[in-house]
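Beneath this line is the structure, given in C-alpha coordinates, with notes to follow.
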Amino acid sequence: MHALAEATAESGFVTRAQLSALEVAGMPRRVIDQGRGIWNPTTMSATLSIISDPLSEYDDIQESDSLFRYAYQRGTDAGVHKKLRKAQELELPIIMLRTIAPGRYVPVFPVYVVGDDQAKRQFVLALDESLRFLRDPLHLSADERRYAERVVQQRLHQPEFRGRIMRAYDTQCAVCRLKHGRLLDAAHITEDGDDAGLPIVTNGLSLCKIHHAAYDANLLGISPDYVVHIDRDLLEERDGPMLKHGLQEMDKARLQLPTRRRERPDRDRLAQRFAGFGAAG
Ligand SMILES: [Zn+2]
(Lines give C-alpha, C1' and ligand atoms only; values in the text may rest on other atoms or scores of the structure.)
Protein backbone atom coordinates (compact mmCIF):
# COMPACT_ATOMS: atom_id res chain seq x y z
CA MET A 1 0.00 0.00 0.00
CA HIS A 2 2.96 2.26 0.63
CA ALA A 3 4.29 1.54 -2.86
CA LEU A 4 0.85 2.22 -4.30
CA ALA A 5 0.63 5.54 -2.46
CA GLU A 6 3.98 6.48 -3.99
CA ALA A 7 2.86 5.49 -7.48
CA THR A 8 -0.36 7.50 -7.10
CA ALA A 9 1.19 10.65 -5.61
CA GLU A 10 2.09 12.25 -8.92
CA SER A 11 -1.16 12.24 -10.85
CA GLY A 12 -3.70 10.78 -8.46
CA PHE A 13 -4.35 7.72 -10.62
CA VAL A 14 -2.49 4.61 -11.79
CA THR A 15 -2.65 2.58 -14.98
CA ARG A 16 -3.37 -1.12 -15.36
CA ALA A 17 0.23 -1.56 -16.53
CA GLN A 18 1.52 0.00 -13.30
CA LEU A 19 -0.79 -2.17 -11.23
CA SER A 20 0.28 -5.30 -13.07
CA ALA A 21 3.91 -4.85 -12.03
CA LEU A 22 4.06 -2.47 -9.07
CA GLU A 23 7.55 -2.29 -7.67
CA VAL A 24 7.45 -3.39 -4.04
CA ALA A 25 10.81 -3.68 -2.28
CA GLY A 26 12.58 -3.96 -5.63
CA MET A 27 10.28 -6.70 -6.95
CA PRO A 28 7.36 -6.34 -9.40
CA ARG A 29 4.08 -7.33 -7.75
CA ARG A 30 0.65 -7.73 -9.32
CA VAL A 31 -1.99 -5.61 -7.57
CA ILE A 32 -4.88 -6.16 -10.02
CA ASP A 33 -6.52 -9.26 -11.42
CA GLN A 34 -5.94 -9.94 -15.10
CA GLY A 35 -9.59 -10.50 -15.93
CA ARG A 36 -11.93 -10.44 -12.96
CA GLY A 37 -12.80 -7.63 -10.58
CA ILE A 38 -11.40 -9.38 -7.52
CA TRP A 39 -7.70 -10.20 -7.16
CA ASN A 40 -7.00 -13.14 -4.91
CA PRO A 41 -3.26 -13.91 -5.07
CA THR A 42 -2.60 -17.59 -4.41
CA THR A 43 0.15 -16.66 -1.98
CA MET A 44 -2.22 -14.62 0.18
CA SER A 45 -4.93 -15.83 2.49
CA ALA A 46 -7.30 -12.99 1.61
CA THR A 47 -8.25 -10.70 -1.27
CA LEU A 48 -5.71 -8.01 -2.15
CA SER A 49 -7.76 -5.73 -4.41
CA ILE A 50 -11.17 -5.20 -5.95
CA ILE A 51 -12.16 -3.10 -8.95
CA SER A 52 -15.13 -0.78 -8.56
CA ASP A 53 -16.45 0.96 -11.64
CA PRO A 54 -18.74 3.93 -10.90
CA LEU A 55 -20.06 3.77 -14.47
CA SER A 56 -20.91 0.10 -14.46
CA GLU A 57 -24.62 -0.58 -14.00
CA TYR A 58 -24.25 -3.17 -11.26
CA ASP A 59 -20.77 -3.06 -9.85
CA ASP A 60 -21.34 -1.11 -6.70
CA ILE A 61 -23.89 0.96 -4.94
CA GLN A 62 -23.36 3.62 -2.39
CA GLU A 63 -26.72 3.64 -0.70
CA SER A 64 -27.57 6.63 1.41
CA ASP A 65 -28.58 4.47 4.36
CA SER A 66 -25.43 2.43 4.63
CA LEU A 67 -21.75 2.07 4.06
CA PHE A 68 -20.28 1.41 0.65
CA ARG A 69 -21.71 -1.71 -0.97
CA TYR A 70 -19.84 -3.89 -3.39
CA ALA A 71 -21.92 -6.27 -5.47
CA TYR A 72 -21.05 -9.95 -5.74
CA GLN A 73 -19.37 -10.73 -9.05
CA ARG A 74 -21.71 -12.15 -11.63
CA GLY A 75 -20.82 -14.99 -13.91
CA THR A 76 -17.97 -16.27 -11.76
CA ASP A 77 -17.94 -19.20 -9.40
CA ALA A 78 -18.65 -18.52 -5.76
CA GLY A 79 -15.04 -19.29 -4.89
CA VAL A 80 -13.98 -15.83 -5.99
CA HIS A 81 -15.77 -14.36 -2.95
CA LYS A 82 -14.21 -16.71 -0.42
CA LYS A 83 -11.13 -14.59 0.12
CA LEU A 84 -13.19 -11.42 0.52
CA ARG A 85 -14.97 -13.16 3.40
CA LYS A 86 -11.54 -14.16 4.67
CA ALA A 87 -10.50 -10.50 4.61
CA GLN A 88 -13.50 -9.73 6.79
CA GLU A 89 -12.79 -12.59 9.16
CA LEU A 90 -9.09 -11.73 9.50
CA GLU A 91 -9.79 -7.97 9.52
CA LEU A 92 -7.25 -7.46 6.76
CA PRO A 93 -7.23 -4.25 4.70
CA ILE A 94 -7.86 -4.47 0.98
CA ILE A 95 -7.37 -2.04 -1.90
CA MET A 96 -10.30 -0.69 -3.88
CA LEU A 97 -9.49 0.41 -7.42
CA ARG A 98 -12.04 2.91 -8.72
CA THR A 99 -12.19 2.99 -12.51
CA ILE A 100 -12.06 6.53 -13.91
CA ALA A 101 -11.39 5.53 -17.53
CA PRO A 102 -10.50 2.31 -19.33
CA GLY A 103 -7.30 1.05 -17.71
CA ARG A 104 -7.10 4.04 -15.33
CA TYR A 105 -7.78 3.67 -11.61
CA VAL A 106 -7.87 5.75 -8.46
CA PRO A 107 -6.83 3.47 -5.59
CA VAL A 108 -8.61 3.79 -2.25
CA PHE A 109 -7.02 2.05 0.74
CA PRO A 110 -7.08 0.69 3.33
CA VAL A 111 -10.66 -0.52 2.88
CA TYR A 112 -12.23 -3.11 5.19
CA VAL A 113 -14.94 -5.67 4.55
CA VAL A 114 -17.30 -5.21 7.49
CA GLY A 115 -20.44 -6.97 6.30
CA ASP A 116 -21.76 -9.59 3.93
CA ASP A 117 -25.36 -8.94 2.93
CA GLN A 118 -26.21 -12.30 1.40
CA ALA A 119 -29.83 -11.31 0.76
CA LYS A 120 -28.77 -8.44 -1.46
CA ARG A 121 -25.61 -10.21 -2.67
CA GLN A 122 -23.38 -7.33 -1.61
CA PHE A 123 -20.33 -6.89 0.56
CA VAL A 124 -20.39 -3.93 2.92
CA LEU A 125 -17.15 -1.96 2.96
CA ALA A 126 -15.74 0.57 5.41
CA LEU A 127 -13.70 3.13 3.50
CA ASP A 128 -11.48 3.98 6.42
CA GLU A 129 -10.32 2.79 9.81
CA SER A 130 -12.84 4.88 11.71
CA LEU A 131 -15.81 3.03 10.20
CA ARG A 132 -14.60 -0.48 10.95
CA PHE A 133 -16.16 -0.99 14.32
CA LEU A 134 -19.77 0.03 13.92
CA ARG A 135 -22.35 -1.75 16.03
CA ASP A 136 -24.48 -2.78 13.04
CA PRO A 137 -22.86 -2.04 9.66
CA LEU A 138 -26.04 -2.96 7.76
CA HIS A 139 -28.18 -0.43 9.64
CA LEU A 140 -26.54 2.85 10.56
CA SER A 141 -27.87 5.44 12.97
CA ALA A 142 -28.48 8.97 11.65
CA ASP A 143 -25.19 10.20 13.14
CA GLU A 144 -23.22 7.26 11.78
CA ARG A 145 -24.79 7.82 8.37
CA ARG A 146 -23.77 11.49 8.31
CA TYR A 147 -20.26 10.56 9.28
CA ALA A 148 -20.11 7.77 6.69
CA GLU A 149 -21.23 10.20 3.99
CA ARG A 150 -18.41 12.57 4.89
CA VAL A 151 -15.91 9.74 4.72
CA VAL A 152 -17.18 8.79 1.26
CA GLN A 153 -16.73 12.39 0.20
CA GLN A 154 -13.15 12.56 1.46
CA ARG A 155 -11.98 9.08 0.63
CA LEU A 156 -13.80 8.47 -2.62
CA HIS A 157 -15.16 11.53 -4.37
CA GLN A 158 -12.25 13.91 -3.74
CA PRO A 159 -9.48 11.53 -4.89
CA GLU A 160 -11.60 10.50 -7.88
CA PHE A 161 -12.12 14.12 -8.83
CA ARG A 162 -8.39 14.72 -8.68
CA GLY A 163 -7.64 11.61 -10.72
CA ARG A 164 -10.15 12.56 -13.41
CA ILE A 165 -8.90 16.14 -13.60
CA MET A 166 -5.23 15.13 -13.79
CA ARG A 167 -6.04 12.63 -16.50
CA ALA A 168 -8.08 15.18 -18.49
CA TYR A 169 -5.38 17.88 -18.24
CA ASP A 170 -2.48 15.49 -18.70
CA THR A 171 -1.17 16.44 -15.25
CA GLN A 172 -0.37 20.04 -16.11
CA CYS A 173 -1.50 23.44 -14.88
CA ALA A 174 -4.17 24.89 -17.20
CA VAL A 175 -2.67 28.36 -16.73
CA CYS A 176 1.14 27.96 -16.72
CA ARG A 177 1.58 24.34 -17.96
CA LEU A 178 3.63 23.27 -14.93
CA LYS A 179 3.80 19.48 -15.09
CA HIS A 180 4.61 18.42 -11.53
CA GLY A 181 1.66 16.49 -10.13
CA ARG A 182 2.72 17.11 -6.55
CA LEU A 183 2.40 20.85 -7.18
CA LEU A 184 -1.01 20.56 -8.85
CA ASP A 185 -4.54 20.71 -7.44
CA ALA A 186 -7.88 19.72 -8.88
CA ALA A 187 -9.64 23.07 -8.43
CA HIS A 188 -13.41 23.49 -8.45
CA ILE A 189 -15.00 26.16 -10.61
CA THR A 190 -18.33 26.24 -8.75
CA GLU A 191 -18.05 25.38 -5.08
CA ASP A 192 -21.73 24.57 -4.67
CA GLY A 193 -22.40 21.91 -2.07
CA ASP A 194 -24.15 19.42 -4.33
CA ASP A 195 -21.61 19.27 -7.08
CA ALA A 196 -18.46 20.22 -5.24
CA GLY A 197 -17.43 16.72 -4.34
CA LEU A 198 -18.76 14.92 -7.36
CA PRO A 199 -16.17 13.96 -9.90
CA ILE A 200 -17.49 16.21 -12.67
CA VAL A 201 -14.54 17.10 -14.86
CA THR A 202 -16.36 20.06 -16.45
CA ASN A 203 -16.59 21.71 -13.03
CA GLY A 204 -12.86 21.46 -12.51
CA LEU A 205 -9.49 22.81 -13.56
CA SER A 206 -6.01 21.50 -13.07
CA LEU A 207 -4.13 24.37 -11.42
CA CYS A 208 -0.75 24.61 -9.74
CA LYS A 209 -0.81 25.61 -6.09
CA ILE A 210 -0.09 29.29 -6.76
CA HIS A 211 -2.66 29.63 -9.55
CA HIS A 212 -5.25 27.74 -7.55
CA ALA A 213 -4.77 30.11 -4.61
CA ALA A 214 -4.81 33.14 -6.93
CA TYR A 215 -8.03 31.88 -8.55
CA ASP A 216 -9.71 31.39 -5.18
CA ALA A 217 -8.55 34.83 -4.02
CA ASN A 218 -9.86 36.50 -7.21
CA LEU A 219 -6.36 37.66 -8.13
CA LEU A 220 -6.69 35.53 -11.24
CA GLY A 221 -9.87 35.11 -13.27
CA ILE A 222 -10.80 32.83 -16.16
CA SER A 223 -13.37 34.14 -18.62
CA PRO A 224 -15.80 31.78 -20.35
CA ASP A 225 -13.80 32.09 -23.58
CA TYR A 226 -10.95 30.32 -21.74
CA VAL A 227 -8.70 33.37 -21.31
CA VAL A 228 -6.73 34.12 -18.13
CA HIS A 229 -7.09 37.55 -16.53
CA ILE A 230 -4.88 38.98 -13.79
CA ASP A 231 -6.21 41.47 -11.26
CA ARG A 232 -5.58 45.05 -12.43
CA ASP A 233 -3.91 46.23 -9.22
CA LEU A 234 -1.64 43.22 -9.28
CA LEU A 235 -0.55 44.10 -12.81
CA GLU A 236 0.70 47.49 -11.54
CA GLU A 237 2.87 46.02 -8.80
CA ARG A 238 6.62 45.53 -9.10
CA ASP A 239 8.29 42.60 -7.40
CA GLY A 240 10.37 39.49 -8.05
CA PRO A 241 10.09 36.72 -10.65
CA MET A 242 7.07 34.97 -9.14
CA LEU A 243 4.93 38.07 -9.55
CA LYS A 244 6.38 38.96 -12.95
CA HIS A 245 6.57 35.59 -14.68
CA GLY A 246 4.20 33.56 -12.54
CA LEU A 247 1.31 36.00 -12.48
CA GLN A 248 1.61 39.19 -14.55
CA GLU A 249 2.80 37.39 -17.69
CA MET A 250 -0.17 35.04 -17.49
CA ASP A 251 -2.55 37.94 -18.22
CA LYS A 252 -4.48 37.22 -21.44
CA ALA A 253 -2.95 33.75 -21.72
CA ARG A 254 -5.11 31.05 -23.28
CA LEU A 255 -6.11 28.22 -21.00
CA GLN A 256 -4.55 24.81 -21.69
CA LEU A 257 -7.65 22.69 -22.31
CA PRO A 258 -8.27 18.95 -22.19
CA THR A 259 -8.01 17.43 -25.65
CA ARG A 260 -11.38 15.72 -25.21
CA ARG A 261 -14.00 18.37 -25.89
CA ARG A 262 -16.55 16.95 -23.43
CA GLU A 263 -14.03 17.34 -20.60
CA ARG A 264 -13.49 21.07 -21.11
CA PRO A 265 -14.65 23.50 -18.41
CA ASP A 266 -18.34 24.37 -18.41
CA ARG A 267 -18.65 27.92 -19.83
CA ASP A 268 -21.68 28.75 -17.69
CA ARG A 269 -19.83 27.85 -14.53
CA LEU A 270 -16.81 29.86 -15.68
CA ALA A 271 -19.04 32.87 -16.46
CA GLN A 272 -20.64 32.73 -13.03
CA ARG A 273 -17.29 32.51 -11.33
CA PHE A 274 -15.80 35.22 -13.58
CA ALA A 275 -18.54 37.64 -12.52
CA GLY A 276 -17.13 37.32 -8.99
CA PHE A 277 -13.65 38.15 -10.27
CA GLY A 278 -14.97 41.23 -12.10
CA ALA A 279 -16.76 42.42 -8.98
CA ALA A 280 -13.67 41.91 -6.85
CA GLY A 281 -11.40 43.57 -9.41
ZN1 LIG B 1 0.19 27.33 -12.79
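In this Cβ point-charge picture (+1 for Lys and Arg, -1 for Asp and Glu), segment 2-136 has a dipole of about 420 debye about its Cα centre.
Phi angles across segment 138-146 convert, under the Karplus curve 6.51 cos²θ - 1.76 cosθ + 1.60 with θ = phi - 60°, into 3J(HN,Hα) values of 7, 9, 8, 6, 4, 5, 4, 5, 4 Hz, Gly and Pro given as x.
Taking label positions 7 Å along the Cα-Cβ direction at both E23 and R177, the computed distance is 2.9 nm, reported to one decimal. In segment 163-281, taking the dipole from charged Cβ atoms about the Cα centre, the farthest positive-side position among I200, H211, H188 is held by I200. When the Cα atoms of segment 168-280 are aligned to their principal axes, the ranges along those axes come out at 39, 32, 22 Å in descending order. In a reduced charge model with +1 at each Lys and Arg Cβ and -1 at each Asp and Glu Cβ, the chain shows a dipole moment near 960 debye about its Cα centre. Considering only Y72, L90, L19, the residue lying farthest towards the positive end of the dipole of segment 11-130 is L19, judged by Cα position with unit charges set on Cβ. The slack in the chain from R150 to R232, taken as 0.36 nm per residue of separation less the alpha-carbon distance, amounts to 25.6 nm. Estimated from the Cβ-Cβ distance and a Förster radius of 35 angstrom, the FRET efficiency linking R264 and A142 is about 0.30. Counting only DSSP beta bridges with both residues in segment 170-276, the antiparallel share comes to about 100 percent.
Within segment 214-281, the trypsin sites (Lys or Arg not before Pro) that combine a DSSP coil assignment with at most 15 other C-beta atoms in a 10 angstrom radius are R238, K252, R260. In this Cβ point-charge picture (+1 for Lys and Arg, -1 for Asp and Glu), segment 168-280 has a dipole of about 580 debye about its Cα centre.
Applying the criteria of a DSSP loop state and at most 12 other Cβ atoms within 10 Å to the GluC sites (Glu not before Pro) of segment 211-281 yields E237. Rounded, prolate or oblate, given the Cα gyration tensor of the chain, with a/c below 1.5 counting as rounded? Prolate, since a/c reaches 1.5 and a/b exceeds b/c.
By the rule of a C-alpha distance below 27 Å, with chain neighbours fewer than 8 residues away ignored, the lysines paired with K244 are K179, K209, K252. Only protein heavy atoms count here; on that basis, with a 1.4 Å probe, R146 has an accessible area of about 150 Å².
Toward the positive end of the charge dipole of the chain, with +1 on the Cβ of Lys and Arg and -1 on the Cβ of Asp and Glu, the farthest Cα among T99, A126, H157 is that of T99.
Here's how it looks for Q122: its modeled amide H is under 5 Å from those of Y72, D117, which are all 5 or more places away or on a different chain. Rounded to the nearest Hz, the phi-derived 3J(HN,Hα) couplings of segment 104-118 under the Karplus curve 6.51 cos²θ - 1.76 cosθ + 1.60 (θ = phi - 60°) are 10, 9, 9, x, 10, 6, x, 10, 10, 7, 10, x, 9, 8, 5, where x marks glycine and proline.
The values are calculated or read from the model by the stated rules, or taken from the named source; none is laboratory data. None of the values given here were measured: they were computed from a predicted structure. For neighbour counting, all protein chains shown are included, and Cβ atoms are generated from backbone atoms with ideal geometry for every residue, glycine included. Ligands, DNA and RNA are stripped out before the accessible areas are found, and what is left, the full protein with its side chains, is counted by its heavy atoms. Shrake-Rupley method; radii C 1.70, N 1.55, O 1.52, S 1.80 Å.
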